[in-house]
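Reviewing the structure listed below.
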Amino acid sequence: MNIGDKVRLLRAKEQGVVSRFLPGDMIEIEIEDGFRIPVMRSELVPVSPLEADRLLKTSTFAPQKTVEPKAPTILSNQGIYLAFMPVNDREYTLHLINNTDWDFAYVLGEESAGAGGGVQFRGLHSGLLKPKSQQKMNDLYLHAGFESWPTFVVQGLWFRAGKSALRQPLIKRFKARATTFFKNKTTVPVISLPGFLTQLDAESDQPQPSAPSSNRAAQPKPTIIHPEDLKAEMLKPKSDTDSVSIERPTSVVDLHIETLLPKGAGNRNPAELLKLQLDTFEKTLENAVASAMSDITFIHGVGSGSLRTELHKRLGQHPHVKFFEDAQKQKFGYGATKVTLK
């Protein structure tokens, strides 16, 4: 046995290289990581070149990598619309739009007064709308007959592959009213053209119970308008006051605790306060996507940087975020982030 020979211990798993001979029949060996230990000569066994090569290969371990927890994906859970798109100055086409991240299996029909004062249902279309898609219906609706348009009924089920919370079916009725219909002219999501829009899932995902026939028959009729008035509204240029009747966020959202809790944080600990800020961020971003906003700015402050880091992590994994950047540096430094949506 010479200096430089590869050896292994009889009663242990270590192996190493002979570095020097010590008094008392002891040998110093160098094991992995450069440590040197004294061992009795009788406790060592020489390793053959073939065995040494195998031991070196099997004993080489890659350092363990730290895997950071993946931030949850932010889903767009709201954004089912009925849209009326002007074909010309006399006709509309009807579209059903799914601007969410869920598959939406639907049935679309019309309710109108039937013989004997009852309500008659007519099926128009059924199918499956994939996320960020729309379906155009075949019927045309004349502006001259606006006051006699039927009540539109949409029934739908939600689906998303994998694990997710069970969502209640959507059942929604919509009756066009002259007093509100023309206030909802805007750029229609998915289609990206101007039209008249109403959101069906803005309030909740709970199904609406069917009203008794007597109650539905007694519903007030919409205000009758003249075709000339409807034509003028259709041809009127879109103004800044036109908006979608949904909970549309402001372009700048302040996530400071003082803004979210004006009366003070009370006994809440930092973890609870951070969760409140993140929940507000996710809900606001979801509403911004559902209402087809082009961009939104979040004011998170500088502080320790934990909120900013978490927001950027989630924005980097969001499927509807085009890019994000530090915003309003002259006022907030690095305390605000501007998000541009797809």
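Here Asp295 and Gln120 are evaluated by their C-beta separation; at R0 = 30 Å the FRET efficiency comes out at 0.05. Nonpolar atom fraction for the stretch 239-320, defined as the carbon and sulfur part of the 1.4 Å probe accessible area, stands at 51 percent. With the whole protein complex present, Met26 retains an accessible surface near 50 Å², based on a 1.4 Å probe.
Distances between placed amide hydrogens fall under 5 Å for Val47 paired with Lys6, Val7, Arg8, all partners being 5 or more residues away or on another chain. Rolling a 1.4 Å probe across all protein chains gives Thr93 an accessible area of roughly 10 Å².
The values are calculated or read from the model by the stated rules, or taken from the named source; none is laboratory data. Remember, predicted model here, so these are calculated numbers, not experimental data. A quick note on method: Cβ atoms are made from the backbone with ideal geometry, for glycine too, and the neighbour counts reach across all protein chains shown. Just so you know, the surface numbers come from the protein's heavy atoms only, side chains and all, with ligands and any DNA or RNA stripped out. Shrake-Rupley method; radii C 1.70, N 1.55, O 1.52, S 1.80 Å.
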